[in-house]
Amino acid sequence: MSFAAGSDLSLLTRKLESIITLSDVERRALERLPISRRQLPARRDIVRDGDHPSQCCLLLDGWAFRYKLLDEGKRQILSVHIPGDIPDLQSLHLPVMDHSLGTLTACTVAFIPHEAMYELTRQHPGITAALWRDTLVDAAIFREWMTNIGRRSTLGRITHLFCELYLKLHAMGLAENHVCEMALTQGDIADAIGVSNVHVNRVLQDLRSQGLLTLQGQRLVIQDWAQLTKRAEFDPAYLHLKPAAVP
């Protein structure tokens with residue numbers, strides 16, 4: 001399955017319209033934003049902890065992730081991002097980055113100057129509301145990740161993560177029939193859910209033997225969605241997707 005983008009800023013429109021309705025005027029305003037496109041290799045920082053960015057990053061192609069790195073080199077993945085996401089939107093109002101944003105895969109990104117975003121939100125309060133809603137959904141996802149790491153079993157953490165990523169991809173038209181790209185390695189999954197790589201490997205083998213899912217290279221095939229969501233105690237309400245975006 002390809003992550004090829006259509007017109008660059010139509011991805012941002014599609015992302016926002018998975019959670020809110022935009023007018024034709026607002027769609028045109030979004031698609032007039034000035035951008036500079038850049039190709040980045042996998043495992044490269046887009047913006048680092050402590051930076052003072054002057055632009056936001058719209059992900060056009062590939063996967064990215066937020067993370068914190070401790071002094072001894074231990075990494076905690078804080079969130080995973082797909083095409084249509086602006087994972088550093090908070091830099092509009094928080095001038096110093098308090099975490100890093102990097103690429104998981106080779107990525108195409110569009111950098112949007114902060115000044116252009118300020119002007120857009122001044123002229124279009126509906127877009128301001130859409131971006132605010134997107135930020136609130138982002139916070140809801142953080143709360144679910146906190147619950148995942150703090151209280152769910154390793155099996156529950158992994159299955160919940162896969163359910164979330166599948167629905168996000170499906171809402172963007174990047175997944176169907178319970179099959180999607182999966183750019184996370186076992187090490188990435190371990191750093192996202194706070195367990196060892198060995199433990200992740202063992203649980204993935206169990207899920208495969210139970211006929212719930214298979215990982216084939218960078219392709220996730222969910223064989224039993226009902227059972228997977230049950231094992232994960234997965235309720236998609238926290239993603240706040242419009243009904244049409246939920247399969």
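Read the figures in this text as sums done on the coordinates, not as results from a lab. Note that the structure is a prediction, hence the values are computed from the model and not measured. Reconstructed Cβ throughout: ideal geometry from the backbone, glycine too, with neighbour counts over all protein chains shown.
Here are the numbers for this structure:
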read-out	value
Relative contact order %, the chain, counting alpha carbon pairs below 8 Å whose residues are six or more apart	22
Under Karplus coefficients 6.51, -1.76 and 1.60, residue-wise ³J(HN,Hα) of segment 205-212 in Hz, glycine/proline x	5, 4, 5, 5, 5, 7, x, 8
Computed over segment 39-117, Kirkwood Rh from alpha-carbon pairs, angstrom	12.6
Taking all pairs of distinct alpha-carbon atoms in the chain, Kirkwood radius in angstrom	18.6
Cα-Cα over 29 Å, subset of LYS68/LYS242; LYS15/LYS74; LYS15/LYS68	LYS68/LYS242; LYS15/LYS74
Segment 69-86 residues near the modelled ALA42 label - backbone nitrogen below 15 Å, point 7 Å along Cα→Cβ	none
Fraction of alpha-carbon pairs over 16 Å apart in segment 144-245 - percent	55
Dipole magnitude of the chain, debye to nearest 20 (Cβ charges: Lys/Arg +1, Asp/Glu -1, about Cα centre)	380
Whole-Hz couplings from phi, Karplus 6.51/-1.76/1.60, listed for segment 143-148; x for Gly and Pro	5, 5, 5, 4, 5, 4
All-pairs Cα distance distribution in segment 10-142, expressed in whole percent, bin size 5 Å	2, 10, 20, 24, 22, 13, 6, 2, 1, 0, 0
The chain, helix-only ellipticity at 222 nm - DSSP H runs n ≥ 4, -39,500 (n - 2.57), divided by all residues, nearest 500	-12500 deg cm²/dmol
Alpha-carbon gyration tensor eigenvalues x 5, square-rooted, for segment 86-213, Å	33, 16, 15
FRET E, pair ARG32, SER153, Förster distance 41 Å, beta-carbon r, rounded to 0.05	0.30
Segment 64-89-segment 141-169 distance, computed between alpha-carbon centres (Å)	15
Environment charge at ARG75 (Cβ cut-off 14 Å; Lys +1, Arg +1, Asp -1, Glu -1)	-1
Protection proxy ranking, peptides 222-229, 236-243, average beta carbon neighbours within 10 Å, highest first	222-229, 236-243
In range of the label at VAL221: residues from segment 165-208 whose backbone nitrogen is under 16 Å from the point 7 Å along Cα→Cβ	176-182, 205, 207-208
